[in-house]
Amino acid sequence: MTDRTHTTAVNGATGAPLWLLAELTYRCPLQCAYCSNPLDFAAVKEELSTEEWIDVLTQARAMGAVQMGFSGGEPLVRRDLETLVAEARRLGFYTNLITSGLGLDEARIEALHAAGLDHIQISLQASDPDVAAAVAGSPKAHAKKLAMARSVKAAGYPMVLNVVLHRHNIDRLDEIIALCDELGADAVELANCQMYGWAHLNREGLLPSREQLETAEATTARWRERLAERGRDMRLLFVVPDYYAERPKACMGGWGAIFMTVAPDGAVLPCHSARMLPMSFPNVRDRGLREIWYDSEAFNRYRGDGWMREPCRSCDERHQDVGGCRCQAYLLTGDATATDPVCSLSPDHHRVEAARREAGAAAAPMEALTLRNVHESRVFCRT
Ligand code: SF4
Ligand code: FES
């Protein structure tokens with residue numbers, strides 16, 4: 001068993017997980033070039049059964065988790081989604097479905113509603129079908145998403161849209177927000193693409209230039225004013241890409257602090273990206289969630305601040321940003337214990353600056369993006 005003196009979170013003793021993200025499957029009808037699933041998703045074959053998922057939900061709730069997200073891949077691929085939602089609701093979770101909208105129809109919306117689903121978030125790729133098709137690999141998906149967004153709203157859910165922004169759609173932000181307005185959205189997350197998984201593979205083709213980003217921020221501000229003048233309540237949340245920040249985010253609120261992801265095969269992770277790190281993660285098929293959360297080596301490795309090196313170790317800001325993101329540190333330096341290079345105090349910050357310079361120069365055309373696909377995934381497979 002791990003020495004608990006090393007398991008303390010930044011603010012004291014390790015607390016219970018509040019958030020559970022259930023990645024029900026890595027299967028998905030789309031092929032987004034910025035998919036956050038692991039590059040070697042094809043190596044994951046044995047998804048948890050319905051009974052195993054119910055056991056995971058029960059254990060997490062008993063530990064104190066209150067929020068849960070169903071995601072993937074595309075969670076609607078699982079025919080037992082309604083059963084799992086009903087069980088999560090019965091246990092007392094607040095439930096959120098994160099979906100592309102593909103696989104949804106009026107009957108399923110009604111069934112999910114009857115199961116007690118609290119919230120649905122649909123992703124859009126772009127304002128026009130051509131860009132959406134080029135980035136997600138499906139010419140029909142865009143129209144289907146728009147129809148499902150309308151149906152979700154008609155079923156009484158708030159319409160919450162998520163649009164991943166990148167260099168090939170960010171210049172059309174004005175049209176994207178206009179489309180969300182026309183759809184009757186209640187909230188729109190304009191989430192600049194973060195560079196994990198397939199997005200990291202495609203970084204050169206996806207990272208916007210600073211100029212593009214500044215224009216997009218100004219567009220968002222203009223829209224906020226216009227919406228307020230019209231008395232239209234559509235919240236716009238603009239998420240800046242990490243690569244243009246000078247301080248990193250406190251990723252997941254800290255490693256093993258409040259957030260837990262269970263992957264399709266039962267691997268338990270402190271974040272959705274961690275399984276590409278050079279370490280092994282426990283599995284709910286072998287151990288209980290409580291033991292995994294409190295006592296596993298994986299969850300304790302970057303908890304608190306004992307693992308930090310300089311400059312984080314003696315930095316006054318270390319309890320605010322917990323040294324940034326371990327996955328980003330690894331992807332940019334090959335060392336997960338490094339200070340997140342997003343931080344301007346990091347000795348590796350020049351790597352982020354180089355990526356920004358690259359993005360300022362002419363980037364690869366949209367057609368050069370590698371869409372998420374099984375063939376490439378097999379190439380990345382470790383097994
Ligand atoms: Fe945060 Fe570390 Fe940068 Fe300090 S040096 S601001 S703790 S990432
Ligand atoms: Fe894994 Fe930030 S995404 S620690």
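Points to keep in mind about this one:
- Per-residue HN-Hα couplings for region 288-295 [Karplus 6.51, -1.76, 1.60; θ = phi - 60°; Hz; x = Gly/Pro]: x, 4, 4, 5, 4, 5, 8, 10
- Helix content alone sets the calculated 222 nm mean residue ellipticity of the chain: runs of n ≥ 4 DSSP H residues at -39500 (n - 2.57) each, divided across all residues, give -10500 deg cm²/dmol.
- Once the mean of 1/r is taken over each pair of separate Cα atoms and inverted, the chain shows a Kirkwood hydrodynamic radius of 21.6 Å.
- A full extension of the chain between Arg290 and His119 corresponds to an added length of 58.9 nm, given 0.36 nm per residue minus the alpha carbon distance.
- Once the chain from Arg357 to Arg313 is taken as fully extended at 0.36 nm per residue, the excess over their C-alpha distance is 12.9 nm.
- Per-peptide packing, taken as the mean over residues of other Cβ atoms within 10 Å, places 314-321, 213-220 in the sequence 213-220, 314-321 from highest down.
- Considering only the chain, percent of DSSP beta bridges that pair antiparallel, nearest 5: 10 percent
- Under 15 Å from the Leu345 label point (7 Å along Cα→beta-carbon), backbone N, region 313-336: 313-325
- For region 54-163, the normalised intensity computed at q = 0.11, 0.15 Å⁻¹ comes to -0.36, -0.63 (log10 of I(q)/I(0), Debye sum over alpha carbons, equal scatterers, no solvent).
- Residue-span extension gain [Ala218 to Glu51] - 0.36 nm each, minus C-alpha spacing: 55.2 nm
- Between Thr337 and Lys140, the modelled label-to-label distance comes to 5.2 nm, taking each label 7 Å out from Cα in the direction of the beta carbon.
- Distance between the pseudo-spin-label points of Ala133 and Ala368 (7 Å out from Cα toward the beta carbon): 2.3 nm.
- The phi torsions of region 305-321, fed into the Karplus equation with coefficients 6.51, -1.76 and 1.60 and a -60° offset, translate into couplings of 10, x, 7, 5, 10, 5, x, 5, 3, 10, 8, 5, 8, 5, 7, 7, 10 Hz, rounded to whole numbers, with Gly and Pro shown as x.
Throughout, read-outs are computed from the coordinates displayed, never taken from laboratory work. Not measured: the values here are computed from a predicted model. For neighbour counting, all protein chains shown are included, and Cβ atoms are generated from backbone atoms with ideal geometry for every residue, glycine included.
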